[in-house]
1. Is it the case that region 89-112 has a residue that's farther than 21 Å from ASP157 by Cβ and either in a strand (DSSP E or B) or within 23 Å of the chain's Cα centre (by Cα) (or both)?
2. Would region 31-54 turn up any residue that is within 30 Å of ILE172 (Cβ to Cβ) and out of contact with any helix residue (DSSP H, G or I) (no Cβ under 9 Å at 6 or more places or on another chain)?
3. If you take the residues in region 113-138 that are among the β-branched types (Val, Ile, Thr) and in a loop (DSSP other than H, G, I, E, B), which one is surrounded by the fewest Cβ atoms within 10 Å (Cβ to Cβ)?
4. Let me confirm something: among GLY59, GLY141, which residue is small (Gly, Ala, Ser), at positive phi, surrounded by 10 or more Cβ atoms within 10 Å (Cβ to Cβ) and over 20 Å from the mean Cα position of the chain (by Cα)?
5. Yes or no: ASP50 among the charged types (D, E, K, R) and part of a helix (DSSP H, G or I)?
Amino acid sequence: MARPLILSLDGTEFPVSIKKIDRDDLYGSIEIEAFDEKGNPAQLLVLAADGKTLLDKGGTALATLDEKGNSVERNTLKPVSLEGGELPTVESSFSHPNVLKKADVDDYVAQLVKSVYMIDPYVEADEPADIDFLLDHLSGGLIYRFPFSYRGGTEYDNAFVLGNGKDAFMIIGKQANFQFTKLNQAAVLDSVEDQEISGEDIDFDLF
């Protein structure tokens, strides 16, 4: 059973389920099939480093090794900084209630979007939660936000909750660092008076 995501709005907690929306869901997809000269479907194989062995799908895997070449379990690894100090970690957002706070439109549009989820009632509970309370708030154009991490890690992403009164969505992203420059702030080259430039000083390979 999938874990519910607990949202809290104005002191009311309700479990929801989230479904990721892929580009294929919006625009469809195209699948290309290849066949050999006999009409048999072709398969994609991986050529091993020896240049002779062909590996079928599922024949390769990733492994984490220590400096001696021994296999290391991923759950034993700890994130560290460039200086070697252990970094603090955050827990998954599925492990605790997430308080929704009002967000500004400027904060939302300044996000670098990583993924989009649709928010649905958590129907696997004994009593499915009603998200009409959330939809009523979103129908007025309000946007909410909370820190989100799917599996936990070293930092949270920004999660923005918005909707149209009928459907609710959760937008996951990171704050973009935009640098705005006005037209009258254009850089001006420092002029050098009484300095002659000869043709030998110009590198025409740069043009």
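1. Of the residues in region 89-112, the ones farther than 21 Å from ASP157 by Cβ are none.
Scanning region 89-112, I find no residue that is farther than 21 Å from ASP157 by Cβ and either in a strand (DSSP E or B) or within 23 Å of the chain's Cα centre (by Cα) (or both), so the answer is no.
2. Narrowing region 31-54 to residues within 30 Å of ILE172 (Cβ to Cβ): 31.
From what is left, the residues that are out of contact with any helix residue (DSSP H, G or I) (no Cβ under 9 Å at 6 or more places or on another chain) are 31.
Scanning region 31-54 turns up at least one residue that is within 30 Å of ILE172 (Cβ to Cβ) and out of contact with any helix residue (DSSP H, G or I) (no Cβ under 9 Å at 6 or more places or on another chain).
3. Step one: list which residues in region 113-138 are among the β-branched types (Val, Ile, Thr), which gives 113, 116, 119, 123, 131.
Imposing the further condition that a residue be in a loop (DSSP other than H, G, I, E, B) reduces the set to 123, 131.
Numbers: VAL123: 10, ILE131: 21.
Ranking the candidates gives VAL123 first.
4. Working: GLY59 fails: at positive phi.
GLY141 is the lone residue from the list that is small (Gly, Ala, Ser), at positive phi, surrounded by 10 or more Cβ atoms within 10 Å (Cβ to Cβ) and over 20 Å from the mean Cα position of the chain (by Cα).
5. When the stated conditions are applied, ASP50 does not pass them.
Each reported figure results from applying straightforward, stated rules to the coordinates on display, with no laboratory input. What you see is a predicted model, and the numbers here were worked out from it, not measured in a lab. Here the Cβ is made from the backbone with ideal geometry for all residues, glycine too, and neighbour counts use every protein chain on show.
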